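Asker: Take this structure, written in structure tokens, and hold onto it; I'll ask about it next.
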Amino acid sequence: MNNLIDIKNLSKEDIVQLFLKADEIKANSKKKNRKILRGKTVANLFFENSTRTLVSFELAAKRLGAHVVNLNLARSSTAKGETLKDTIQTLQAMDINAFVVRHSQNHIGKEIQQWLNPDIKIINAGDGNNQHPTQALLDTYTILQHKMKIEDLKIAIIGDIKHSRVANSLIDILHILDNQRIHLYGPKKLLPEHSDKGIICQNMDETLSNADVIVMLRIQKERIADNSIPNLSDYHRDYGLNRKTLAIANHACIVMHPGPINREVEISSEIADNTPSVILEQVANGVLIRQAVLATLLQKP
Ligand code: NCD
């Protein structure tokens with residue numbers, strides 16, 4: 001593994017190794033972990049807003065002993081007309097070992113890769129509606145902690161799947177891990193164009209009955225023309241997870257959400273804040289998984 005730009009570039013073996021690394025980091029003492037990336041520098045380049053992803057990359061790098069610089073590029077030289085290439089090469093000259101990049105443009109990681117020395121690592125922290133590989137890793141790591149397997153689980157993904165990089169990369173990783181039981185549901189306009197992504201369901205009953213894992217998604221308003229955003233209370237009635245709709249699922253199911261949550265839109269507070277919600281476990285696992293990714297990319301063999 002040389003970079004983490006697209007989850008599809010990982011093999012099943014790469015994913016297993018990352019999960020083992022996360023387990024190892026969790027078991028290590030804080031002191032031992034702080035030696036892993038001593039002397040390395042990680043730059044977080046966020047061209048889009050983020051709370052949990054940015055903080056979790058920062059904590060992950062710091063807990064491994066790296067230096068971290070956070071750049072909110074909406075407020076920096078790019079606003080003064082500097083090109084992305086110049087910004088990246090300026091930072092490269094300051095001896096950065098890894099760039100963590102969030103950007104609204106799909107496939108920006110590949111472009112950045114061409115401007116950097118090959119030994120500098122790139123980690124995609126979300127590009128447009130394309131990929132969010134560390135989210136896919138932390139989601140499947142969380143599922144494994146609860147279900148001990150991935151292959152034959154019924155996984156329901158509900159909401160704005162079309163504009164969601166979280167859904168895209170989760171579907172990709174589930175395919176790599178041999179799951180063929182992905183069920184997708186949401187308003188027609190927010191469903192993917194290609195049915196190879198999963199089984200497109202017609203209603204909540206079909207989506208949720210016997211579901212082992214339920215992944216709820218936010219409507220990605222920033223990627224949708226205003227006139228096609230659904231009315232939010234109708235949306236909750238038709239596509240929301242609440243006590244009534246959760247009752248359709250397997251009683252041992254888990255409920256996931258990448259955050260940020262829009263309460264009473266895609267999920268009711270009652271469901272988000274109680275078992276079987278594992279939303280805060282996802283957040284905690286996010287730090288561990290990002291530590292595993294940084295350690296794998298930057299640690300000397
Ligand atoms: C997601 C993102 O930014 O892609 N959030 C996250 O990283 N946890 C999902 C979203 O914004 O809805």
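The values are calculated or read from the model by the stated rules, or taken from the named source; none is laboratory data. Remember, it's a predicted structure, so these values are computed and weren't measured experimentally. In this analysis, Cβ positions are derived from the backbone assuming ideal geometry, glycine residues included, and neighbour counts consider all displayed protein chains.
Asker: Given (1) more than 20 Å from ALA249 (Cα to Cα); (2) in a helix (DSSP H, G or I), where does LEU144 come up short, assuming only one miss?
Answerer: LEU144 satisfies all of (1) more than 20 Å from ALA249 (Cα to Cα); (2) in a helix (DSSP H, G or I) except (1).
Asker: Can we say SER209 is within 16 Å of the ligand (Cβ to nearest atom), small (Gly, Ala, Ser) and over 26 Å from GLN105 (Cα atoms)?
Answerer: no
Asker: Next up: Can you pull out every residue in segment 281-300 that is closer than 13 Å to LYS121 by Cβ and at pLDDT 95 or above?
Answerer: ARG290, VAL293, LEU294, ALA295, THR296, LEU297, LEU298
Asker: Looking only at segment 41-62, filter to residues that are assigned to a loop (DSSP other than H, G, I, E, B) and of a type outside the set (Gly, Ala, Ser); which one of those is farthest from the ligand (Cβ to nearest atom)?
Answerer: Among them, the one singled out is PHE47.
Asker: Here are the criteria: (1) closer than 18 Å to GLU266 by Cα; (2) away from the ligand (no atom under 14 Å from the Cβ); (3) not in a helix (DSSP H, G or I). Tell me which single one ASP160 does not satisfy.
Answerer: The number of the failed condition is (2).
Asker: Condition check: within 30 Å of ALA167 (Cα to Cα) and modelled with pLDDT under 95. Does ASN2 satisfy that?
Answerer: yes
Asker: What do you reckon, is ARG223 surrounded by fewer than 18 Cβ atoms within 10 Å (Cβ to Cβ), assigned by TED's automatic domain parsing to the domain that holds HIS257, of a type outside the set (A, V, I, L, M) and within 16 Å of the ligand (Cβ to nearest atom)?
Answerer: yes
Asker: Do you know which residues across segment 58-104 are surrounded by fewer than 18 Cβ atoms within 10 Å (Cβ to Cβ) and among the charged types (D, E, K, R)?
Answerer: LYS62, ARG75, LYS80, GLU82, LYS85, ASP86, ASP95
Asker: Here is a follow-up. Quick one: THR90 ticks every box in (1) modelled with pLDDT of 90 or more; (2) within 27 Å of the chain's Cα centre (by Cα) except a single one, so which number is it?
Answerer: It fails just one condition, (2).
Asker: Restricting to segment 239-292, name every residue that is of a type in the set (D, E, K, R), surrounded by 15 or more Cβ atoms within 10 Å (Cβ to Cβ) and either within 12 Å of the ligand (Cβ to nearest atom) or not in a loop (DSSP other than H, G, I, E, B) (or both).
Answerer: GLU266, GLU281, ARG290
Asker: Would you pick out the residues in segment 105-129 that are buried (at least 19 other Cβ atoms within 10 Å of the Cβ), away from the ligand (no atom under 16 Å from the Cβ) and free of Cβ contacts under 8 Å to residues at least 40 places away in the same chain?
Answerer: Within segment 105-129, ILE112, ILE120 qualify.
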